[in-house]
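The values are calculated or read from the model by the stated rules, or taken from the named source; none is laboratory data. On a predicted model such as this, the values are computed, not experimentally measured, just so you know. No Cβ is skipped: glycine too gets one built from the backbone with ideal geometry, and neighbour counts run over all protein chains shown. Please note that ligands, DNA and RNA were not included when accessible areas were found on the heavy atoms of the full protein model with its side chains. Shrake-Rupley method; radii C 1.70, N 1.55, O 1.52, S 1.80 Å.
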Amino acid sequence: MEGQNERTTGARAAEEHHAEIYGEDGVVLSSFLAQIGAAIADRDTLTLKHEVDDLHQSELGDLLEALHPDQRRALVELLGADFDFSALTEVDEAIRMEIVDNLPNAQIAQAVQELDSDDAVYILEDLDQEDQDEILSQLPFTERIRLRRSLDYPEETAGRRMQTEFVAVPPFWTIGQTIDYMREDNNLPERFSQIFVIDPTFKLLGAIDLDQILRTKRSVKVEEVMHETRHAIPATMDQEEAAREFEQYDLLSAAVVDENERLVGVLTIDDVVDVIQQEAEEDLMRMGGVGDEELSDSIFSTSRSRVPWLLINLLTAFLAASVISLFDRTIEHIVALAVLMPIVAGMGGNAGSQTMTVTVRALATRDLDIYNASRIIRREMGVGFINGIIFAILIGIVAAAWFRDPNLGGIIAAAMIINMFVAALAGILIPLLLDRFKIDPAVASAVFVTTVTDVVGFFAFLGIATWWFGVP
């Protein structure tokens, strides 16, 4: 009961501390920012350390993002060795590089020694090769080798995200020996949920969960109670694939092995959650044509990242305009067509975007594959046809009443059915084709789908009008 009361008191204190930093909207309070800003201006190191010392790394990261760039640099400088470098894993890349670039490599080398290996790699991987080498040269040999091995793996792989601190024992040890080892060795990771079993060459044989160790007598050998690690993750596996393994098999941690099945690290659920969030954000940003842009990026870098996609959109707009130019005589005779034709293209674009979004997400989560693709295509075709009929009736009635011409109502209704059907088809087929040719559908689908719906919409509407009214 006493222990429970202590935990309750600790939880309440944590909540009160959280409430002092964040407002009801989850944003860092302006009063707290003003207090930190005043301490920075006065170079009041004692007040800063008092206010920042108990912050969680994510809270310190939010504080860094909320501060002015000059204040960030001053805060890190004033805190010195007391600054928690793990907070840099919680901020935008631009802010992290801004802070790290203003620090001497000796200070960074000293700081990364206090971090878990995965956090250290997260900070080091964006540095120039020259700075990386200089920082690594100042680390103890064992730690330098571990970090270098992680950095040698390609970006966005399990090898980059893994933690190289883990607990491994031979199969012939007893449970008692394993427990004594965990109690006496001071170099073990602070938190772990599994103990891995390896042979003399570090080849992974199996694993034991901590709860299994607590339930087993000391005299029992490890090999008698270990279980096979069915979900060992290759170090070269893409981090998104690794995250999918965690999701599918409800893993809390997983061994990471090299090409020879030797244990090189462990991937934990906290890192996987970050990967899932990162990949989801990347897909969303790419679908909007803004790449890996971050809020902290400068005006010029943001502009430079957006220009290529805007240029592509400009070229596709010229393609749509060229279709309209084919029917300039028709538009001259019937001016109402110029008023109505954006409706057809716009509705088709929205319908195509809906289908495309669902398709890209299904491809990313592997819910859409070769086995169910034909069924999903038929479903989207049906949805496009039904929605086309519904909106054809609505828009046809409105257009006929607006311009007092039933012919216009019928023409736009027919064009709407055609374009909504084509939009649904393009929204699923284009991402599937791009994925087939190993092109990221999240990046390129939107441009092609919009182009198809614009071209088909304008051509169908103006073409039917030209034929119906007999314009030469």
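Here are some notes:
- Just one of the listed residues (Glu65, Glu125) is modelled with pLDDT of 90 or more, surrounded by fewer than 19 Cβ atoms within 10 Å (Cβ to Cβ), within 21 Å of the chain's Cα centre (by Cα) and more than 23 Å from Ile36 (Cβ to Cβ), namely Glu125.
- Of the helices (runs of 4 or more DSSP H) lying entirely inside the stretch 319-429, those containing at least 1 residues that are farther than 16 Å from Trp467 by Cα and under 41 Å from the mean Cα position of the chain (by Cα) are 336-364, 373-403.
- Qualifying residue in the stretch 16-29 (condition: among the small types (Gly, Ala, Ser), modelled with pLDDT under 90 and over 23 Å from Leu75 (Cβ atoms)): no
- Hey, Leu433 in contact (Cβ under 8 Å) with a residue 12 or more places away in the chain and either part of a helix (DSSP H, G or I) or touching a strand residue (DSSP E or B) at 6+ places or on another chain (Cβ under 7 Å) (or both) or not: no
- Residue in the stretch 321-343 that is open to solvent by 30 Å² or more (accessible area, probe 1.4 Å), under 30 Å from Gln278 (Cβ atoms) and either hydrophobic (A, V, I, L, M, F, W, C) or touching a Leu at 6+ places or on another chain (Cβ under 6 Å) (or both) present: no
- Whichever residue in the stretch 83-122 is small (Gly, Ala, Ser) and at pLDDT 90 or above and, among such residues, is most open to solvent (accessible area, probe 1.4 Å): Ala106
- Flag if Thr236 is part of a loop (DSSP other than H, G, I, E, B), within 21 Å of Asp118 (Cβ to Cβ) and either free of Cβ contacts under 8 Å to residues at least 12 places away in the same chain or of a type in the set (Val, Ile, Thr) (or both): yes
- Of all the numbered requirements in (1) touching a residue at least 40 places away in the same chain (Cβ under 8 Å); (2) out of contact with any Ser or Thr (no Cβ under 6 Å at 6 or more places or on another chain); (3) surrounded by 17 or more Cβ atoms within 10 Å (Cβ to Cβ); (4) not charged (D, E, K, R), Ile175 misses one, and that requirement is (2).
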